[in-house]
Amino acid sequence: MNTIETERLLIRKWDVEKDLDDAFSFYGDEETMRFIPGGVKDRDQTRAALQRMVDRDKEEGFGIWPVEQKADRRVIGACGVFNIPDHAPDVEIAWIFDKLYRGHGYATEAARAVTQFAFAELRLPVLYALIHQDNAPSIRVAERLGMSFARMMYAYDRDLRLYERQPPS
C-alpha cells in the first residue's frame with residue numbers, strides 16, 4: 001500500500017518524526033484511548049508505537065496507517081488492518097481519531113477505503129473488528145461498514161464484541 005485516497009483523506013505510510021506531534025495528540029489523550037488496549041501513551045511510547053507500525057507494515061505488507069486530512073495535511077487519526085494477536089491469520093480493521101475530528105464521518109470514510117483495500121488487494125476471506133461494548137461510536141462505524149456482530153471474544157485481556165464482514169460477492 002502506498003496511498004489510499006478518499007474524497008477528504010489520504011491514508012499513507014507513517015513518517016515517524018514528521019507525524020509524531022499529530023499522533024501524540026490522539027495516542028496521548030485519555031478520552032481517545034479509553035477503549036484502546038494499552039491505554040494512553042507518552043511521547044516516547046507514541047514514537048515507539050509508530051515505529052512498530054512502520055516495521056509491521058514492512059514485514060507483513062499491511063498495518064495501521066496515518067489518516068491525513070487533505071484540507072490541512074494534518075494527521076487526524078489512524079486506520080488499517082493487522083493480524084489479531086494470538087488469532088492469526090485472522091485480520092482486524094481498526095481506527096482511532098483525534099477527538100477534535102470526531103462526528104464528521106472521517107472514521108467511516110477511512111475504514112470504508114481500508115475495507116476495500118483489504119478485500120481487493122489483500123484478498124481477505126473475512127475482516128473482523130474487535131470493539132469494547134461501551135464504545136458506541138465504533139460500533140456504529142462497524143455497522144456502517146456492513147459488519148455484523150458475531151459473538152463476544154476474549155482478546156487484549158478483555159471481553160470484546162467481535163464484528164465480521166465477508167468480501168462483496
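For the chain, what does the helix formula give at 222 nm: sum of -39500 (n - 2.57) over DSSP H segments with n ≥ 4, over the residue count, nearest 500 deg cm²/dmol? Please report the intermediate quantities before stating the final value.
Numbers: 5 runs with 58 residues, N = 169.
Result for the chain: -10500 deg cm²/dmol, rounded to the nearest 500.
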Fill in: Sum of side-chain charges, Lys18 neighbourhood, beta-carbon under 15 Å (Lys, Arg +1; Asp, Glu -1)
-1
Item to complete: Enumerate the amide H contacts of Asp90 below 5 Å, restricted to partners 5 or more residues apart or on another chain; note that Pro and chain-start residues carry no placed amide H.
Response: Ile84
Worksheet item: From the Cα gyration tensor of segment 1-57, with a ≥ b ≥ c the square roots of its eigenvalues, which class applies: rounded if a/c is under 1.5, or else prolate if a/b is larger than b/c, or else oblate?
Response: prolate
Practice prompt. Sticking to Cα atoms, compute the Rg of segment 42-112 to one decimal and its Dmax as the biggest Cα-Cα distance, whole number, in Å.
Written response: 13.0, 39
Fill in: Distance from segment 93-125 to segment 9-49 (C-alpha centre basis), Å
16 Å
Fill in: Highest-fluctuation residue, Ala71, Ala136, Ala107 considered, GNM on the chain with Cα pairs under 10 Å
Ala71
Practice prompt. Starting from the Cα of Lys13, draw a straight line to each of the aspartates and glutamates and keep only those under 17 Å, dropping any in the same chain fewer than 8 residues away.
Written response: Glu5, Asp21, Asp22, Asp55, Asp57, Glu59, Glu60, Glu68, Glu121
Practice prompt. Evaluate the relative contact order of the chain (contact order divided by residue number), counting alpha-carbon pairs under 8 angstrom at least 6 apart; express in whole percent.
Written response: 18 percent
Worksheet entry | Debye intensity ratio in log₁₀ form over the Cα atoms of the chain, taken at each q of 0.14, 0.16 Å⁻¹ | -0.68, -0.93
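Scan segment 108-169 for GluC sites (Glu not before Pro) in coil per DSSP, keeping those whose Cβ has at most 13 other Cβ atoms within 10 Å, and list them by number.
Details: sites: Glu109, Glu121, Glu143, Glu164; in loops: Glu121.
Loop-located and lightly packed - Glu121.
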Worksheet item: Longest exposed-loop-site-free stretch of the chain, with trypsin sites (Lys or Arg not before Pro), DSSP loop and at most 16 other Cβ within 10 Å?
Response: 124-169
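Could you please report the charge total around Thr46, scoring K, R as +1 and D, E as -1 over all other residues with beta-carbon less than 12 angstrom from its beta-carbon?
Details: positive: Lys41, Arg43, Arg47, Arg52; negative: Glu17, Asp19, Asp21, Asp22, Asp29, Asp42, Asp44.
Summing Lys/Arg as +1 and Asp/Glu as -1 gives -3.
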Worksheet item: If you rank Glu59, Glu92 by fewest surrounding Cβ atoms within 10 Å, what's the result?
Response: Glu59, Glu92
Worksheet, complete the sentence: Simple SL model, points at 7 angstrom along Cα→Cβ for Met33 and Arg56; separation in nm is 1.6 nm
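Coordinate-derived values only; no laboratory data. All values derive from a computational prediction rather than experimental measurement. All Cβ positions, glycine included, derive from the backbone under ideal geometry; neighbour counts span all protein chains shown.
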